[in-house]
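Please treat every number below as a calculation from the coordinates, not as lab data. Worth saying up front: this structure is predicted, and the values here are computed from it rather than measured. Here the Cβ positions follow ideal geometry from the backbone for every residue, glycine too, while neighbour counts run over all protein chains shown.
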Amino acid sequence: MRRTHSWLVAGALLLTPGLAFAEDAKPYPDCAREPSDADVAAAKGAFQAGQGSFNESDYPRAITYWEDAYRRDCTADALLLNLARAYELNNQKKQAVVALETYLARKPDARDRGSIQRRIEVLQAAIQSEPTQTTPPPTEQTAAPPPPPVDTGPAPEPEPQGKKPITPLIVAGAGGAIAIVGAILYFNAAGDVDDFEKQCPGRVCDPGVVDDANSARTRMNIFGAVTIGGLAIAAGGVVWYVISPREAPAAAQRPKPLVAPAVGPGFAGVAFSGAF
């Protein structure tokens, strides 16, 4: 039983005039075997590639792809009609006649037999009336490379693209900076507290020194908390970066938000800036 070829469409095309070059028409080998599923899949891929080349008026390349498709699945007789049109447009009228005659021989019950027979007669008359010239040297258009192999297996999944977001690293860096600044200020305040404790045995100080000593202890507590908070922010940024998925590359990126430590007298925190 012959296969049906729903993937194959042979459309009517207009002919274009051109010079007829000397050519040697080649017959198609006998179709003595039933194509496998892999052959049919490969033929379908080659046919689609040839259709794209034909639509771009690259007839030599379309012929190369379609001949490869018919070689893989010789039961796709309608493909001979596509080849015949491509041969005509590429000024290979003799080979077009061979393709049409082969189609009629392999499809004796073809409904369009009458129109195809008249087309053969027109081509043969054109061959007799046109002067024969020497075959020109192959050019970039006429010398078509062999078709690439058609992969019938499943396409491999693409590898993840893009990079991880940089914002978590910025947050981690900002946390580290806050922790460093807080630690420096903490140790400075702790040194002042030690000095005041030496000046005030038993924490009994002169009235003029009490306010300064209390201020030093307050600064030590604040900057100790700032140091701990900076370490927590840095650790959170690292964890955020590790668990973040990769971002898909984009043609245009919005400006990245900026994160920077902000430290002042009696204040410590993080400043954010960016555009939306």
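Give me the net charge of R217's neighbourhood, meaning all other residues with Cβ under 13 Å from the Cβ of R217; Lys, Arg count +1, Asp, Glu -1. If you can, show how the numbers build up before the last one.
Working: positive: R203, R219; negative: D192, D194, D195, E197, D211, D212.
Neighbourhood net charge equals -4.
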Long-range HN-HN contacts of K164 with modeled amide H, under 5 Å: E247
Karplus-derived 3J(HN,Hα), 6.51/-1.76/1.60, for each residue of region 52-60, Hz, glycine and proline x: x, 5, 4, 5, 8, 6, 8, 5, x
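How charged is the neighbourhood of S129? Take every other residue with its Cβ under 13 Å from the Cβ of S129, and add Lys/Arg as +1 and Asp/Glu as -1. Spell out each step's value before the answer.
Numbers: positive: K93; negative: E121, E130.
Residues near S129 contribute -1 overall.
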Projected label distance in nm at S129 and R71, using a 7 Å step from Cα toward the beta-carbon: 3.6 nm
Peptides 61-74, 44-57, 118-131 ordered by average Cβ neighbours within 10 Å, highest first: 61-74, 44-57, 118-131
Per-residue ³J(HN,Hα) for region 103-111, Karplus 6.51 cos²θ - 1.76 cosθ + 1.60, θ = phi - 60°, Hz, x for Gly and Pro: 4, 5, 5, 8, 10, x, 9, 5, 5
Residue list for region 170-193, given a label point 7 angstrom along the Cα-to-Cβ vector of R217 and an amide N cut-off under 19 Å: 186-193
